[in-house]
1. When the residues of the stretch 15-25 are narrowed to those that are buried (at least 16 other Cβ atoms within 10 Å of the Cβ) and within 21 Å of Thr105 (Cα to Cα), which ends up nearest to the chain's Cα centre (by Cα)?
2. Give me the strands (runs of 3 or more DSSP E) completely within the stretch 127-216, filtered to those with at least 3 residues that are touching a residue at least 24 places away in the same chain (Cβ under 8 Å), over 21 Å from Thr113 (Cβ atoms) and touching a Phe, Trp or Tyr at 6+ places or on another chain (Cβ under 9 Å), ordered by residue number.
3. Mind listing whichever residues of the stretch 115-126 are surrounded by fewer than 14 Cβ atoms within 10 Å (Cβ to Cβ) and in contact (Cβ under 8 Å) with a residue 24 or more places away in the chain?
4. Name the one entry in Ala110, Ala96 that is more than 29 Å from Phe155 (Cβ to Cβ), crowded, with 21+ Cβ neighbours inside 10 Å, out of contact with any Asp or Glu (no Cβ under 9 Å at 6 or more places or on another chain) and of a type outside the set (Val, Ile, Thr).
5. So is Val168 closer than 18 Å to His153 by Cα, within 23 Å of the chain's Cα centre (by Cα) and not charged (D, E, K, R) or not?
6. Output the residue which, of all residues in the stretch 134-162 that are of a type in the set (Lys, Arg) and in contact with a Gly (Cβ under 8 Å, 6 or more places away or on another chain), is least open to solvent (accessible area, probe 1.4 Å).
7. Pairs needed: first member in the stretch 85-100, more than 14 Å from Met59 (Cα to Cα); second member anywhere, surrounded by fewer than 24 Cβ atoms within 10 Å (Cβ to Cβ) and β-branched (Val, Ile, Thr); C-beta distance under 8 Å; at least 6 residues apart or different chains.
8. If a residue must be under 19 Å from Lys95 (Cβ atoms) and at pLDDT below 95, how many such residues does the stretch 51-78 contain?
Amino acid sequence: MRIAVDVLGGDHAPDEILKGVAEALLSGEFAADELLLVGPEGVMKQQLEAAGVSEFPPMVHTEQVIEGHEKPVEGLRSKPEASIVLCVGAVREGKADGLIAFGNTGATVAASTMGLGMLPGIRRPGIAIVLHGRKGPFTVLDAGANPSPKPNHLFQYGLMGASFAADVLGIEEPRVALLNIGGEAGKGSPVLKEAFAMLEQAPVRFTGNIEGNHLFFGEADVVVADGF
């Protein structure tokens, strides 16, 4: 497996990103050909060499980056050679199997959505994060891709979250819960009430609503929430 690394993305890029790359290579966690570095080639080689790296990963040169303050779609249009665009392109073209980026989240989501597409039938992308509670890891999504979802989006997050928890975390029949202001079925906004009804009919192990103060008690393996 090869991972494309957006060397220019992040508050302290490229220096901190390259320190992490160097540590991964020098520790033996990654071989050089398991990474694809996207950023200014001269800077990448100079800093890796200074850190003691002798065998460089393959590199894609660019000096364009979408800054954190830029609007994602506008940035993608005005900077076709931006580092995140080239990372996504590497995955699309089979030159990398995945990517890691620490920069503009909206640009990362937009570039991935436009460049890679979504699963058949899925209407909105979701960011899944893994947290650790009293009884082990659990997944929360969406964590920022879609701040104002519709009920169908939350329903689909439940499906994707259950698949992620089963396939990645190895949880059999993961329990899916909907983040809400109360545990009762009738609580919440119209969007949450409709999402609740849809999840009840979904082919997942839906356990109902969960309140925020119960997140870490081990009551759910997947927590569905809006991105806000």
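1. In this case the residue turns out to be Ile17.
2. 129-133, 175-179, 205-210
3. Leu116, Leu119, Gly121, Arg123
4. Result of the check over Ala110, Ala96: Ala96.
5. no
6. Looking at residues that are of a type in the set (Lys, Arg) and in contact with a Gly (Cβ under 8 Å, 6 or more places away or on another chain), I get Lys135.
7. Asp97/Ile3; Asp97/Val91; Gly98/Ile3; Gly98/Val91; Ile100/Ile3
8. Total meeting the criteria: 0.
The values are calculated or read from the model by the stated rules, or taken from the named source; none is laboratory data. Values in this document were obtained by computation on a predicted structure and should not be read as measured data. Note: ideal-geometry Cβ built from the backbone for every residue, glycine included; neighbour counts use all protein chains shown. Heavy atoms of the whole protein, side chains included, go into the accessibility calculation; ligands, DNA and RNA do not. Shrake-Rupley method; radii C 1.70, N 1.55, O 1.52, S 1.80 Å.
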